[in-house]
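Take a look at the structure below.
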Amino acid sequence: MTADESDAGLLAPGWTGSPAARATSDAAYLRALLDAEAALTRAQAALGLAPAAAGRAVTGAAAGAFDARSLAARARSGGNPVIPLVADLTEAVGTEYGPYVHRGATSQDIMDTATMLVAVRALEAVLADLDRVQRALARLAAEHRDTPLPGRTLTQHAVPTTFGLKAAGWRSLVLDARDRVSAVRDSLPAQLGGAAGTLAAFTAYGAADATELPAAYARELGLRATLLPWHTLRTPVADLAGCLAFTAGALGKTAADVLTLSRTEVAEVSEGGGGGSSAMPHKANPVRSTLITAAALRAPQLAATLYGALVAGDERPAGAWHAEWEPLRDLLRLVGGAARDAAELTEGLRVHADVMRGHLGLTHGLIVSERLSAELSAVLGRARARELLTRLAPRTFAEGRSLGELLAEEPALKDVDLDGPTDPARYTGSAGALTDRALERR
């Protein structure tokens with residue numbers, strides 16, 4: 001098995017092949033580690049703490065090829081891949097400038113900084129796909145602004161709504177996720193504190209004011225600078241956990257609704273490219289929704305591990321920091337894959353408006369009982385109107401007749417126009433206006 005095959009995602013169809021998968025691969029992580037090391041030497045050179053030639057030498061050497069499999073095997077002895085990487089990079093730089101590799105830093109500085117670089121790069125792909133999703137949902141909401149369907153509460157038909165409002169609601173969650181991801185991406189910081197977060201080694205190497213170096217380092221990488229080293233102040237990781245788990249759930253809401261609406265006995269929507277079955281040729285499974293749902297189910301537990309790591313002890317932790325690496329990468333991959341799948345799902349979603357309209361009659365008109373209760377109260381009084389509707393409701397099913405028909409036979413209602421009040425398509429309330437309002441958000 002090759003190194004690429006070991007990272008192929010055989011059991012992860014939800015993220016395999018996605019931009020986020022590429023941005024979080026072993027090769028991408030190794031590139032981020034090397035970028036972090038090279039930037040550190042350049043930042044020191046910018047402040048006169050290293051020769052400019054050292055910055056160029058380390059940057060040039062870091063652009064070369066390094067063996068991720070070898071680094072992984074050797075990481076066991078020190079507990080992280082930075083230690084063997086520094087040895088290999090120092091050798092690649094050579095005798096003259098090798099001493100400037102990793103000078104004054106600790107492994108966690110490089111590992112945390114690389115993790116932030118990986119996250120920023122992965123989140124760019126996530127944001128691009130979230131934008132595709134919101135645009136597709138905006139189109140669906142506008143096209144189906146007035147397409148009626150049953151509103152369902154606690155699994156039962158409640159009152160009519162519109163598919164436009166449903167799609168607008170999905171989009172609102174996606175926009176909430178986009179805003180959270182964007183804010184977190186823009187806040188992710190570089191890490192630089194040295195052995196115990198005091199920057200002492202940089203002073204020992206000649207820095208008159210070592211506190212200038214973290215900001216210079218962050219500028220080299222395009223990351224944010226922080227007031228303090230955050231070796232055990234894990235706000236950036238917690239922020240990532242929160243926005244990623246929220247995004248998985250936001251996309252999962254759409255997927256959950258599509259799974260319900262695409263059931264054979266419902267069939268109000270269908271995926272544009274349904275998946276096949278190994279045993280049943282007739283099936284077109286809602287695969288995109290299934291994979292998004294799987295991601296949404298896993299994300300909270302992964303985020304919980306990252307939140308748990310907030311209790312990192314001392315000035316640098318044993319275990320808490322190490323516990324973050326795999327769950328965070330898994331979260332980035334899951335959400336990246338879910339966003340990719342959600343874009344494909346929403347761009348290809350088929351809406352069966354005729355089926356939706358037909359389902360409004362499944363309760364023989366009882367779906368507008370709320371409206372009738374209100375309007376008949378003005379004619380009969382509240383108590384009498386409620387008694388009448390309660391008495392007629394079981395007859396609609398027993399006799400297979402609509403509530404409108406039965407009401408029309410009531411002598412007290414012979415002069416009441418029942419056509420409008422009994423039409424479910426004319427009882428969608430402010431759904432259209434709410435959809436318009438939602439679509440104003442950009």
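Tell me, rounded to the nearest percent, the portion of alpha carbon pairs in the range 259-374 spaced more than 17 Å apart.
70 percent
Here the simple spin-label model places points 7 Å from the Cα toward Cβ, and for residue 390 and residue 96 these points are separated by 9.5 nm. Overall shape: prolate for the range 60-191, with the ratio a/c of the largest to smallest alpha carbon gyration tensor axis at 1.5 or above and a/b above b/c. Counting 0.36 nm for each residue step from residue 311 to residue 350 and taking away their Cα separation leaves a gain of 9.3 nm.
Among the protein heavy atoms of the chain, carbon and sulfur supply 54% of the accessible surface, probe 1.4 Å, non-protein parts ignored.
Each Lys or Arg adds one and each Asp or Glu subtracts one; over the other residues with Cβ under 15 Å from the Cβ of residue 106, this totals -3.
Annotation: per residue accessible area for the chain equals 46 Å², rounded to a whole number [probe 1.4 Å, protein chains only]. Dipole orientation for the chain: of the candidates 362, 413, 323, 413 has the Cα lying most toward the positive pole (charges on Cβ; Lys, Arg +1; Asp, Glu -1).
Please work out the C-alpha center-to-center distance from the range 285-310 to the range 390-410 and express it in whole Å. Centre-to-centre distance over Cα atoms comes out at 47 Å. When both bridge partners sit in the chain, DSSP labels roughly 90% of those beta bridges antiparallel. Taken about its Cα centre, the range 36-92 carries a charge dipole of about 80 debye when Lys and Arg each add +1 at the Cβ and Asp and Glu each add -1 at the Cβ.
Add +1 for every Lys or Arg and -1 for every Asp or Glu among the other residues with Cβ under 12 Å from the Cβ of residue 234, and state the total. Once all neighbours under 12 Å are counted, the net charge is -2.
Here the label points at residue 260 and residue 215, each 7 Å from Cα along the C-beta direction, are separated by 5.3 nm in the simple model. Couplings 3J(HN,Hα) of the range 44-50, computed from phi: 5, 5, 5, 9, x, 8, 7 Hz, in residue order, whole Hz [Karplus 6.51 cos²θ - 1.76 cosθ + 1.60, θ = phi - 60°; x for Gly and Pro]. From the alpha carbon centroid of the range 94-151 to that of the range 182-246 is 18 Å.
Charge tally for residue 305 (other residues, Cβ to Cβ under 10 Å; Lys, Arg +1; Asp, Glu -1): -3. A simple spin-label model places the labels of residue 75 and residue 304 2.5 nm from each other, with each point 7 Å out along Cα-to-Cβ.
With the helix formula -39500 (n - 2.57) applied to DSSP H stretches of n ≥ 4, the chain reaches a computed 222 nm mean residue ellipticity of -19500 deg cm²/dmol. What residue among 396, 15, 123 has its Cα farthest toward the positive end of the dipole of the chain, where the charges are +1 on Lys, Arg and -1 on Asp, Glu, each on the Cβ? Final value for the positive-end residue is 396.
For the range 185-292, the equivalent ellipsoid built from the Cα gyration tensor has semi-axes of 53, 13, 11 Å, listed from largest to smallest. Estimated translational diffusion coefficient (Stokes-Einstein, Kirkwood radius over Cα pairs, 25 °C, 0.890 mPa s) of the range 1-96: 166 µm² per second.
Hey, with R₀ at 25 Å, roughly what FRET efficiency would residue 284 and residue 253 work out to, going by the Cβ-Cβ distance, to 0.05? Write out the running numbers ahead of the final one.
Values: r = 22 Å, r/R0 = 0.90.
Once rounded, the FRET efficiency stands at 0.65.
Can you tell me the 0 to 90 degree angle between the C-alpha axis of helix 68-78 and the longest principal axis of the chain, rounded to 10? Long axis of 68-78 versus the principal axis of the chain: about 70 degrees.
A Cβ-based charge dipole, computed about the Cα centre of the chain with Lys and Arg at +1 and Asp and Glu at -1, lands at about 480 debye. Charge dipole (Cα centre; +1 on Lys/Arg Cβ, -1 on Asp/Glu Cβ; no other charges) of the range 2-67 amounts to roughly 380 debye. How much FRET efficiency would the formula 1/(1 + (r/R0)^6) give for residue 377 and residue 397, where r is the Cβ-Cβ distance and R0 is 35 Å, rounded to 0.05? Step by step, r from the Cβ atoms, then E = 0.90.
To two decimal places, what compactness ratio does the chain give when its Cα radius of gyration is scaled by 2.2 N^0.38 Å? If you can, show how the numbers build up before the last one.
On the way: Rg = 29.6 Å, N = 442, 2.2 N^0.38 = 22.3 Å.
The reported ratio for this selection is 1.33.
Only alpha carbons enter this Debye calculation for the range 174-238, each as an equal point scatterer, and the log10 of I(q)/I(0) it gives at q = 0.18, 0.26 Å⁻¹ is -0.69, -1.12.
The values are calculated or read from the model by the stated rules, or taken from the named source; none is laboratory data. Values in this document were obtained by computation on a predicted structure and should not be read as measured data. Quick reminder, even Gly has a Cβ in these numbers, built from the backbone with ideal geometry, and neighbours come from all protein chains shown. These accessible areas exclude ligands, DNA and RNA; they are computed on the full protein's heavy atoms, side chains included. Shrake-Rupley method; radii C 1.70, N 1.55, O 1.52, S 1.80 Å.
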